[in-house]
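Student: Got a structure for you, written out below as structure tokens; questions coming shortly.
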Amino acid sequence: MLSFDAVVLLVALFAVTFLLGSIPWGVVVSRLFFHKDLRNEGSGNIGTTNAMRSMGKVGGSAVFVLDFGKGLLSGALATFVAPHVQAASAAGADVACALCLGTAVLGCVWGHIFSPWLKFKGGKGIAVAIGCLFFVFGPVGAIIELLVFAVLVLATRYVSAGSLAAAVICPFLACWFLSGQWVAIALVTLAAVTVVWAHRGNIARLRAGTERKVGAKKPQGPNGGTSTGSSNGSAA
């Protein structure tokens, strides 16, 4: 049973990681260095895929590193807070650590997807989630996530397919790496379900066969110009 002080620490951890995740680096980078708003480019998503298509490899890579870094920092904060949660309650070290890591994953992913600075809109949570999972699952689990993502993207040429596959396997990996820590597993699963929900538009386009593949040319608009409609499949 967690003490009141331990609950307060977990709530504070969630709030801090939510705010970390909510930093819209895609918008910041696009406005500060490219003098455009990423929300008005391509698919309008603030994640890595749309950043790559709208700002090139340099801009897209910068957005990925910064979003990935939000997740890493959230995971690091969780490991820092865990001993304090343990000390404030009767929970064992493994329980306290798993609870903090699960809280951090959910906090940073929700912050990224529901950024209060963007009227509770945002990215799709992949880069920030994998960054945090380096702490939750350890390097092996996070690399498995990355490999599943990469294999699906290479096989299908759909970034969204890789993103969805990485989200779908996340609860199963949580059951393995967080064995027996059911509250933490539930928190990680809730984060993964939210990522899948954030890709609902991509899912609809995949089913309709209109999702844009990696390397595909931009669709032409009615006047011969380049369309910037929602056929772009951004995933981060």
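Student: Here are some residues: K70, K36. Which one is open to solvent by less than 20 Å² (accessible area, probe 1.4 Å) and among the charged types (D, E, K, R)?
Tutor: None of the other options fit; the residue is K70.
Student: Looking only at segment 28-67, count how many residues are under 22 Å from L146 (Cα atoms) and assigned to a helix (DSSP H, G or I).
Tutor: Residues flagged as under 22 Å from L146 (Cα atoms) and assigned to a helix (DSSP H, G or I) within segment 28-67 amount to 18.
Student: Can you say whether A87 is surrounded by 17 or more Cβ atoms within 10 Å (Cβ to Cβ) and hydrophobic (A, V, I, L, M, F, W, C), as far as the supplied structure shows?
Tutor: no
Student: Turning to a different aspect of this structure: Restricted to segment 90-109, and to residues that are more than 11 Å from S74 (Cα to Cα) and in contact with a helix residue (DSSP H, G or I) (Cβ under 6 Å, 6 or more places away or on another chain), which residue is surrounded by the fewest Cβ atoms within 10 Å (Cβ to Cβ)?
Tutor: The residue in question is A93.
Student: So N45 ticks every box in (1) under 16 Å from the mean Cα position of the chain (by Cα); (2) modelled with pLDDT of 95 or more but one. Which box is left unticked?
Tutor: If we test N45 against (1) under 16 Å from the mean Cα position of the chain (by Cα); (2) modelled with pLDDT of 95 or more, just (2) comes out false.
Student: Provide a single number: the residues in segment 87-107 that are without any contact (Cβ under 8 Å) to a residue 40 or more places away in the chain and touching a Gly at 6+ places or on another chain (Cβ under 7 Å).
Tutor: 0
Student: Is there any pair linking a residue in segment 194-216 that is open to solvent by less than 30 Å² (accessible area, probe 1.4 Å) to one that is modelled with pLDDT under 95 and of a type in the set (D, E), with Cβ under 7 Å and at least six apart or on different chains, and which?
Tutor: N202/E211
Student: Run R157 past the list (1) of a type in the set (K, R); (2) in contact (Cβ under 8 Å) with a residue 24 or more places away in the chain; (3) out of contact with any Lys or Arg (no Cβ under 7 Å at 6 or more places or on another chain) and report the number of the one that doesn't hold.
Tutor: So the condition that R157 fails would be (3).
Student: Taking the conditions exactly as written (crowded, with 23+ Cβ neighbours inside 10 Å and within 30 Å of A98 (Cβ to Cβ)), does T49 satisfy them or not?
Tutor: no
Student: Taking segment 1-27 as the search range and keeping residues that are out of contact with any Cys (no Cβ under 6 Å at 6 or more places or on another chain) and polar (S, T, N, Q), which one is surrounded by the most Cβ atoms within 10 Å (Cβ to Cβ)?
Tutor: Only one residue tops the list, namely S22.
Student: Can you pull out the residues in segment 158-216 that are among the hydroxyl-bearing types (S, T, Y), closer than 21 Å to G102 by Cα and not in a helix (DSSP H, G or I)?
Tutor: The one that is among the hydroxyl-bearing types (S, T, Y), closer than 21 Å to G102 by Cα and not in a helix (DSSP H, G or I): S179.
Student: Restricting the search to segment 110-136, which residues are open to solvent by less than 10 Å² (accessible area, probe 1.4 Å) and outside any helix (DSSP H, G or I)?
Tutor: Hits for segment 110-136 are S115, G123, G125.
Student: Next question. Let me spell it out: the conditions are (1) in a helix (DSSP H, G or I); (2) among the charged types (D, E, K, R); (3) farther than 19 Å from I126 by Cα, and K70 meets all of them except one. Which number is the exception?
Tutor: (3)
The values are calculated or read from the model by the stated rules, or taken from the named source; none is laboratory data. Being a predicted model, the structure only gives us computed values, none of them experimental. A quick note on method: Cβ atoms are made from the backbone with ideal geometry, for glycine too, and the neighbour counts reach across all protein chains shown. SASA here: full protein model, heavy atoms, side chains in, ligands and nucleic acids out. Shrake-Rupley method; radii C 1.70, N 1.55, O 1.52, S 1.80 Å.
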